[in-house]
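What follows is one structure encoded as structure tokens, with my remarks underneath.
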Amino acid sequence: MSGTIFTARDKAHVYLLESKEFLHRLKDGVIYHCGPIVMKDDHGTKVISAGPTTSERLSLYAPDVIRKYRVRGIIGKGGMDKKTLMAMKKYGCVYFSAIGGIGALIAASVKGVKGVYKEEFGMPEAIYEIEIEDMPLMVAMDAKGDNLYEVVLRMSGKRLDRLLS
């Protein structure tokens, strides 16, 4: 994926639901479940590591964030719950899976930090507006209601049944 995305973890999701500050900035945008490690110097903010955080815990907020901001994409790891999948289907959103454990490699996709918001939340919880280029991702949950995680679970269950019989 290439373009502008916003990082958002737990505090950011709560803030997005309580505030209207990002209505125009995030509308039709992409949220990345990530708490990046950044370094600031005289030239600005540089992302050192940008690995995904587990998305499931953000399922509590995601359906409302998708509805309010008409988010078109969410990036994270591990998938999200059925309520979030239904919101994705209703509002045309896709969940992209990023590979965990390769934060430094993913950071190479970050071409610049366009803005940092809510720094008082702390480095991993602040909202970063970042420009990415060729970020390696895989569609795992789509706007039709398909869920790769469920397919894999069903397939692995069938294989286990074969091994046990």
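Name the single residue, out of those in region 5-20 being touching a residue at least 12 places away in the same chain (Cβ under 8 Å) and either among the aromatic types (Phe, Trp, Tyr) or in a loop (DSSP other than H, G, I, E, B) (or both), that is surrounded by the most Cβ atoms within 10 Å (Cβ to Cβ).
ALA8
Just name the residue that is farthest from the chain's Cα centre (by Cα) out of those in region 30-42 that are part of a strand (DSSP E or B) and among the charged types (D, E, K, R).
ASP41
Give the residue, chosen from LYS68, LYS40, LYS82, that is free of Cβ contacts under 8 Å to residues at least 60 places away in the same chain, of a type in the set (D, E, K, R) and closer than 16 Å to GLY115 by Cβ.
LYS40
Would you please name the residue that is nearest to ALA98 (Cα to Cα), looking only at residues in region 27-59 that are touching a Lys or Arg at 6+ places or on another chain (Cβ under 9 Å) and among the hydrophobic types (A, V, I, L, M, F, W, C)?
The extreme case among them is CYS34.
Computed from the coordinates by the stated procedures, all read-outs in this text should not be read as laboratory data. These numbers were taken from a predicted model, which means no experiment stands behind them. Note that we place each Cβ from the backbone using ideal geometry, even for glycine, and neighbour counts take in every protein chain shown.
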